[in-house]
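So the structure is just underneath, and the comments pick up after that.
Every read-out reported here was derived from the displayed coordinates using simple, explicitly stated rules and does not represent laboratory data. Just so you know, these numbers come straight off a predicted model, no measurement behind them. Neighbour counts run over all protein chains shown; Cβ positions are idealised from the backbone, glycine included.
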Amino acid sequence: MIRASIDIGSNSVLLLAAELDDSGNKILKEILNLSFITSLGKDLDKTKQFHPDSMKATFEALTDYKKQLEKINIDPSEVLITATEASRVATNAIEFYAKVKNELGFSVVLITSKGEAYYTALGVVSGVNSDESELVIMDIGGASTELIHIQVAPFKILSTVSLPVGSVRATDWRKDLIFEERMMALLNQDFSTYFTKSLICVAGSMTSLAAMFMGHNLYDDKKIDGLTIKFSSFKEFSSSLQNTNTENLLLQFPHLGKRAPMVAAGAIVAEMIGDKLKIENMKISTRGLRYGTLIQGEIDGQFTIG
């Protein structure tokens, strides 16, 4: 069988279409795996609305995805589509997704932070190779970061917390000179549940940073999936990014594209959380939310909003 899922995040819109086994629980072959940077979380704390340019970019991305899916005979109505933190905050989200439904045929489901954590963890577990019975996952998005403590087998969420900071929000906070204040407030709580030596890191900010850490000027999932990075080395790398401008980053790492202005802030967020969790290394997973919904085959009503 073939299924497709789309993850509308606070920074990117991701499409996955894949062939699954007869049980629907295992991905046999990825057919489409595409990404557009649309920055839906841009200026969200100030305006509480999607920026017009971000809505335009998101609509264009979804229009392209519709064409790609039709080539493999998948109707827009069959696609599992989730929207996360930026869409939970934006007051014009419902209106925008009504337009998407009317003009493109995609039904977007707004999910809770717990749903985001559940499907992200499910996607990660589907591809992780570990002997550990429990794992801790960090998902840095555009506007939020999920920390997820899971039991591997049988799969179970043990605890999760959603922090309202991601690479886009952090970039905005740095521009407004409130980053340190906001981060210290967010991290002023008990995170002992999430203490771990090895932190599994997912989503675009961390996968892009991993490719940069390795010196890759072309992005390739297969070259970074499962990569382990010593946290002390990552902190040195993060420090080197902070005074590098966007133009230089793009010269060195053209694969960053529209993500380039946000990666330095994303690295600082990862560094501060890693310190808080007392980690020794980071393990990169290129799987996440869209993989989880694809494998589940449905979006559970307990995780939906509205």
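Annotations for the structure displayed:
- Taking other residues whose beta carbon is less than 11 angstrom from the beta carbon of Asp172, and scoring Lys, Arg as +1 and Asp, Glu as -1, yields +3.
- Gyration tensor (alpha-carbon) shape descriptor, the chain, a/c threshold 1.5: rounded
- Cα gyration tensor shape for the range 129-284, rounded if a/c is under 1.5, else prolate or oblate: oblate
- Estimated [θ] at 222 nm from DSSP helical runs (n ≥ 4, -39500 (n - 2.57)) normalised by residues in the chain, nearest 500: -12000 deg cm²/dmol
- Derived scalar couplings ³J(HN,Hα) [the range 275-285; Karplus, 6.51 cos²θ - 1.76 cosθ + 1.60; whole Hz; x for Gly, Pro]: 4, 5, 8, 6, 7, 10, 8, 10, 10, 8, 10
- Cβ-based net charge around Leu62, under 13 Å, with every Lys or Arg adding one and every Asp or Glu removing one: 0
- Two-site FRET efficiency, Thr246 against Glu30, from Cβ-Cβ distance with R₀ of 25 Å, rounded to 0.05: 0.25
- Estimated FRET transfer efficiency (Thr228, Asp21; beta-carbon r; R0 30 Å; 0.05): 0.55
- Checking every one of the trypsin sites (Lys or Arg not before Pro) in the range 1-96 against DSSP loop status and a limit of 16 other Cβ atoms within 10 Å picks out Lys26, Lys48.
- Of the residues Asp21, Asp172, the one with the fewest other Cβ atoms within 10 Å heads the list, and the complete ranking is Asp21, Asp172.
- Net length available on complete extension from Asp131 to Leu218 is 28.2 nm, with 0.36 nm assigned per residue and the Cα-Cα distance removed.
- Highest mobility in the GNM of the chain, judged by mean-square fluctuation with C-alpha springs under 10 Å and restricted to Ser233, Ser23, Ser167, is found for Ser23.
- Gap separating the Cα centres of the range 229-262 and the range 89-158, nearest whole Å: 25
- Order of Val128, Val100 under a 10 Å beta carbon neighbour criterion, fewest first: Val128, Val100
- Potential extension, Asp176-Glu103 segment - 0.36 nm per residue separation minus Cα distance: 22.6 nm
- Each Lys or Arg adds one and each Asp or Glu subtracts one; over the other residues with Cβ under 13 Å from the Cβ of Gln151, this totals -1.
- Rel. contact order, % - alpha carbon contacts under 8 angstrom, at least six apart, the range 175-257: 28
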